[in-house]
Each structure stands twice: as C-alpha cells, then as structure tokens.
Amino acid sequence: MRALTIDSFAKIPEGLNLRDDWPEPSKAELKPTELFVKVAASSINPVDWKIAEGMLKPITTIPLPKVISFDLSGTVEAVGSAVTRFKKGDAIIVRLPTTDGSCQEYVAVEEKYVSKMPSNLSFEEAAGIPLAAQTALQSFDDAGLDPNADNSGKKAFVPAGLGGVGLFATQILKNVYGFQVATTVSTNKVEKMKELVPGIEVVDYKTTDYTTKLSDVDYVLDTTGDLANEAKIVRKGAVVNSIAAMPDPDVISKRLGPPPFYIRPVLRCLSWWQSRPLRSAGATYSYVWMEPDHKCLDKISKWIEDGKVKVVVDSVHPWKDAKEAFVRSKQSITGKVIIKVEN
Ligand SMILES: NC(=O)c1ccc[n+]([C@@H]2O[C@H](COP(=O)([O-])OP(=O)(O)OC[C@H]3O[C@@H](n4cnc5c(N)ncnc54)[C@H](OP(=O)(O)O)[C@@H]3O)[C@@H](O)[C@H]2O)c1
C-alpha cells in the first residue's frame, strides 16, 4: 500500500520516501480492541518533521524506516470483537500512539485512542484536530482550569494564536472556559485572528513587544518556549504550562521511556534554568506532553459540532505532493497543513 516513510534522518524533505510497497496491516489479525481504518487525510505537526530531521535522537531511539505523522481522519473498515463504540463505516479521527504513523492507506489502531469525527467537518478539516487540540485541552486539565467556573475576570495568554495548538487553545479558552484571551501573531495574520476569536486581544509580535501590552495574566499556555518574557506578564500565583520549552527528563521518561543517563542531568538543568524566571515571578510551572486519549478528543469534537471551536486549514496537499506539504509545514503557516491520503 502507499505510505510516506522516514528512511533516513535528514532535513525535510530529503529523508522522506513516497512509496507503494509498504506492508498493509492484516485485517484478519486485528486484535479484539482494535479498529481497521482506511485513512482519508493526515495532518502535520512540528513533532513529525522534528522526528524526521533527527531532533529527537538524543533522547530516544526511533527505528527506521518509519511511517511519518500521527494525526488522521478516516473510515472504519472492520472492528475487533471487543470494540463497543464503533462499527464499520463510521468516520473517525485519531492521534496514533508513537509506535505507528498516519501517512499510510490503512492503520490498525486501539479503540481507546479513537473518536467519532465531528459531523460538520470534511475529512481534510477533521484530520487537523487530534494532536494539536488534545495538547491544548490536556494543558488546561494539567493547570486545573475549570470550564464550569466563573472565569470571566481571568486573563489567559497563548502565543502563536494561529499555529496548530494556538488556534484550538485560544478558541477553547475564550468560547468554552470564558477567559479573556490574548495572543501574538505576525502582521498579516492579525485580522484573521480577530475574525476567528472575536474579542481576543491580538499583539503583532513583529512590530510590538507583547510584554509592554500585557500584564497580570492568570494562565499561560506557552507554545514558543519564550518563558523569560512570559514571566514579565504573569501575576503572582499564575499557572504556566509549556509545550515548547525544554522538557524535564521525568516527563520524557513517561512518554518515550528514559532518555540516556548522561543526557538526563543536562535536560534537568536546562528545564530548571529556562523556567527559573517564572518561579521568581511567583508562578507555578509545568511542561505538558500530550498523550492520546479519546475522552479528551470526544469533548473537543462536541465543541466543534456545537460551533464553539473551528478548524483552520492552511493548505490541503494531494498525495503526490505529500513531501512538499512537509516543506510548507515549516513555513509561516496559518492553521493546519493537510495531506489527502485517499484519492
Ligand atoms: N509537548 C507537546 O505535547 C506538544 C504538542 C504539540 C506541539 N508541541 C510543540 O509546540 C510548538 C507549537 O506547535 P504548533 O503545532 O502550534 O506549531 P505550528 O502549527 O507549526 O505553528 C507555528 C506558528 O507559530 C508562529 N510563531 C512562531 N514563532 C512565534 C513567536 N515567537 N510568536 C508568535 N508566533 C510565532 C508562526 O507563525 P508566524 O510565521 O506568522 O510567526 C507559525 O506559523 C512546537 O514547538 C511543537 O513541537 C508540543
């Protein structure tokens, strides 16, 4: 079957291989808890090209060749005997566990990761949801934010509001949790950002230092690793989650297994050093590493069906241009870059 694999660690798109000879998972050997899915579309997240370019090599071993990416939308073709929530023909979305890849025609995936596709979206739009949206929501859970509390007086800051995570985080915080939300985008994205989240405070980070505009922020979801500047805008007692700073080795161990022993003290030191300004400012800090989970994805799908959250698509690329899609994903994108896997 067709697949896009990482054959060697190299600068995108050099190590990638668009092929027709990748082995299909066996429908006959489906485990009781698995679904057999025909992939319709896949979306790109930075972790995909970071893996392809060998950026995770110091902390974990990734055997090659490997199918690239983790996010997909598709149609269930068969279900294992213990599957309860899905049947043949259902449209689904999933962020695969790190052992498999989504840029291939068919996958076998455990039911616990899978969610029904929102009924108001196309396969291309829906493929953009899983990793980015779950990261946003799991960060809010990690921070103990409560959508049922009165958050109307509370301020949140999420930089890069039209990046993959930012677009979901800003909408969920404003439209579901009821926070006052501020974000940063580059100049030509300011109007698009205001259109997506009416009432949001938008700072053009290309022309304006956001630390001169924002203050007394209660919650930050850091998507850029800019912890030292974020420390200047938080109030004492604020909560800050990062998904883009240096992860602590304990967090890496939970998701990827323990990093090599000689790297651990370096990571611990860097993580501590980067987050020091936040602790000095009286904020509580933690790094969040997303873990796929259908319950989280179910909530997001419901908000999308209710019109509270929209998916922003930067571009949709046909299968033959899948490698070019990865080149695009490293440019100044607005929303999600999608690959059509099915013809
Ligand atoms: N820990 C986790 O589980 C987890 C999960 C998801 C993502 N991440 C990480 O989080 C980061 C963001 O991911 P993403 O999917 O949102 O990325 P993305 O979709 O690739 O978004 C990147 C966007 O951020 C904007 N940007 C870059 N630097 C900026 C800055 N200093 N201020 C404001 N905007 C800026 C760029 O827009 P302009 O060109 O217009 O500036 C770019 O389009 C990545 O490092 C990713 O690896 C981690």
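To the nearest 20 debye, what charge dipole does segment 34-85 have about its Cα centre, counting +1 at the Cβ of each Lys and Arg and -1 at the Cβ of each Asp and Glu? Numbers along the way, then the final one.
Numbers: 5 positive and 5 negative charges, 18 e Å.
The calculated dipole for segment 34-85 is roughly 80 debye.
Over 26 Å, how big is the tail of the calculated P(r) for segment 45-161, in percent of all Cα pairs?
Tail of P(r) above 26 Å: 35 percent of Cα pairs.
When the helix-only estimate is applied to the chain (DSSP H runs of n ≥ 4, each -39,500 (n - 2.57), divided by the residue count), what is the mean residue ellipticity at 222 nm, nearest 500 deg cm²/dmol? The partial results should precede the final answer.
Numbers: 10 runs with 88 residues, N = 343.
Result for the chain, helices only: -7000 deg cm²/dmol.
Beta carbons within 10 angstrom, averaged per residue: use that to sort the peptides 117-130, 281-294, 247-260, highest first.
117-130, 281-294, 247-260
Given +1 on the Cβ of Lys and Arg, -1 on the Cβ of Asp and Glu, and no further charges, what dipole in debye does segment 132-287 carry about its Cα centre, rounded to the nearest 20?
Numbers: 17 positive and 16 negative charges, 65 e Å.
Dipole of segment 132-287, to the nearest 20 debye: 320 debye.
Can you tell me the Rg and Dmax of segment 132-287, counting just the alpha carbons, in angstroms?
15.5, 48
Could you report the accessible area of Phe36 in Å², rounded to 10, computed with a 1.4 Å probe on the protein chains as they sit in the structure?
About 0 Å², ignoring ligands and nucleic acids.
Principal axis lengths of segment 1-49 from Cα atoms, whole Å, largest first?
Dimensions of segment 1-49 along the principal axes of its Cα atoms: 39, 23, 18 Å.
Carbon and sulfur: what percent of segment 132-287's accessible surface (1.4 Å probe)? Before the final figure, lay out the partial values.
On the way: 3520 of 6890 Å².
Answer for segment 132-287: carbon and sulfur cover 51 percent of the accessible area.
Taking the Cβ of Arg95 as the center, what net charge do the other residues with Cβ under 10 Å away carry, scoring Lys and Arg +1 and Asp and Glu -1?
Numbers: positive: none; negative: Asp71, Glu291, Asp293.
Summing Lys/Arg as +1 and Asp/Glu as -1 gives -3.
Enter the accessible area per residue of the chain (Å², integer; probe 1.4 Å; all protein chains in place).
Heavy-atom SASA per residue in the chain reads 43 Å².
Return the sequence-ordered ³J(HN,Hα) values of segment 201-215 in whole Hz as given by the Karplus equation 6.51 cos²θ - 1.76 cosθ + 1.60 applied to θ = phi - 60°, using x for Gly and Pro.
Values, residue by residue: 8, 10, 10, 6, 6, 6, 10, 9, 7, 5, 6, 8, 9, 10, 7 Hz.
Among Ile68, Leu196, Ala108, flag the residue with its Cα farthest along the positive direction of the charge dipole of the chain, charges on Cβ as +1 for Lys/Arg and -1 for Asp/Glu.
Leu196
Evaluate the charge dipole of the chain about its Cα centre and quote only its size in Debye, nearest 20, assuming +1 on the Cβ of each Lys and Arg and -1 on the Cβ of each Asp and Glu. Could you put the intermediate results ahead of the total?
On the way: 43 positive and 43 negative charges, 107 e Å.
Around 520 debye, computed over the chain.
Give me D for the chain in µm² s⁻¹, whole number, from Stokes-Einstein with Rh from the Kirkwood sum over alpha-carbon pairs, 25 °C and 0.890 mPa s.
On the way: Rh = 20.6 Å.
For the chosen part, D equals 119 µm²/s.
Counting other Cβ atoms within 10 Å of each Cβ, which GluC sites (Glu not before Pro) in segment 26-110 have at most 12 and sit in a DSSP loop? Don't skip to the answer; put the middle values down first.
Numbers: sites: Glu29, Glu34, Glu53, Glu77, Glu105, Glu110; in loops: Glu29, Glu53, Glu105.
For GluC sites (Glu not before Pro) across segment 26-110 that sit outside H, G, I, E and B with at most 12 neighbouring Cβ atoms in 10 Å, the list reads Glu29.
When DSSP assigns beta bridges and you keep just the ones with both residues in the chain, what percent turn out antiparallel, to the nearest 5? Before the final figure, lay out each step's value.
Details: 31 of 55 bridges.
Looking only at bridges with both residues in the chain, the antiparallel portion is about 55 percent.
Rank these residues by their accessible area, most exposed first, probe 1.4 Å: Trp273, Trp319. Could the numbers behind the result be given before it?
Details: Trp273 145, Trp319 25 Å².
Output order, biggest surface exposure first: Trp273, Trp319.
What full-extension length gain, to one decimal in nm, is calculated for Ser119 and Asn148 as 0.36 nm per residue of separation minus the Cα-Cα distance?
Working: separation 29, 0.36 × 29 = 10.44 nm, distance 2.52 nm.
So the extension gain works out to 7.9 nm.
Between Val313 and residues 5 or more places away or on another chain, which pairs have amide H atoms under 5 Å apart, with H built 1.01 Å from N, and which residues are they?
Lys336
Can you tell me what the convex hull of the Cα atoms of segment 143-221 projects to on average, as an area in nm²? Don't jump to the answer; show the numbers that get you there.
Numbers: hull surface 19.5 nm².
Approximately 4.9 nm², given one-decimal rounding.
Can you check what the net charge comes to around Ile333, using other residues whose Cβ is under 14 Å from the Cβ of Ile333 (Lys, Arg +1; Asp, Glu -1)?
Values: positive: Lys189, Lys192, Arg328, Lys330, Lys336; negative: Asp48, Asp314, Glu324.
Counting the neighbours of Ile333, the net charge comes to +2.
The values are calculated or read from the model by the stated rules, or taken from the named source; none is laboratory data. Because the structure is predicted, anything quoted here is derived from the model rather than measured. Methodologically, a virtual Cβ is constructed for each residue, glycine included, from the backbone with ideal geometry; neighbour enumeration extends over all protein chains shown. SASA here: full protein model, heavy atoms, side chains in, ligands and nucleic acids out. Shrake-Rupley method; radii C 1.70, N 1.55, O 1.52, S 1.80 Å.
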